[in-house]
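A.B. asks: Quick one: this structure, given as structure tokens, is what I'll be asking you about.
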Amino acid sequence: MESISWANLNAEEQRTFAILGAGLSIELCDPVALLTLRRLGLIVGFHLTAAAHNLRIDVVFGELGARDCVT
């Protein structure tokens, strides 16, 4: 998978990513965004992949410079 940043995702893809990351129902997700995130390797089935979890950590902690604090 190529490196994907949060800014590369459109609003619906970001929303879908956040919904799945929060453990909410996939039925709340945009179907096209689901397909795109699957194609990008960020979700498998109904769950975020390891790469997606890493991106999520980068988004949450990246701006704070706290990435090194996460184990």
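A.B. asks: Could you give me the residue pairs with C-beta distances under 8 Å whose first residue belongs to the stretch 15-27 and is over 17 Å from residue 51 (Cβ atoms), whose second residue is charged (D, E, K, R) and not in a helix (DSSP H, G or I) wherever it lies, and which are 6+ apart or on separate chains?
C.D. replies: What qualifies is 15/30.
A.B. asks: Tell me, yes or no, whether the stretch 49-64 has at least one residue that is touching a residue at least 24 places away in the same chain (Cβ under 8 Å), open to solvent by 40 Å² or more (accessible area, probe 1.4 Å) and among the charged types (D, E, K, R).
C.D. replies: Yes: one or more hits.
A.B. asks: Another one. Can you report the number of residues in the stretch 16-27 which are under 20 Å from residue 60 (Cβ atoms) and loosely packed, with under 13 Cβ neighbours inside 10 Å?
C.D. replies: Initially, the stretch 16-27 is screened for residues under 20 Å from residue 60 (Cβ atoms), giving 16-24.
Right, trim to loosely packed, with under 13 Cβ neighbours inside 10 Å and you get 22-24.
So the answer is 3.
A.B. asks: Got a number for residues in the stretch 28-48 being hydrophobic (A, V, I, L, M, F, W, C), open to solvent by 50 Å² or more (accessible area, probe 1.4 Å) and either in a strand (DSSP E or B) or closer than 18 Å to residue 6 by Cα (or both)? Spell out the reasoning first.
C.D. replies: Quick first cut of the stretch 28-48, residues hydrophobic (A, V, I, L, M, F, W, C) only: 28-29, 32-35, 37, 40, 42-44, 46, 48.
Pick out the ones that are also open to solvent by 50 Å² or more (accessible area, probe 1.4 Å) and you get 28, 32, 35, 44, 46.
Checking which are either in a strand (DSSP E or B) or closer than 18 Å to residue 6 by Cα (or both) leaves us with 32, 35, 44.
Of the residues in that region, 3 qualify.
The values are calculated or read from the model by the stated rules, or taken from the named source; none is laboratory data. Since this is a predicted model, take the numbers as computed values, not measurements. Virtual Cβ from ideal backbone geometry, glycine too; neighbours counted across all protein chains shown. Please note that ligands, DNA and RNA were not included when accessible areas were found on the heavy atoms of the full protein model with its side chains. Shrake-Rupley method; radii C 1.70, N 1.55, O 1.52, S 1.80 Å.
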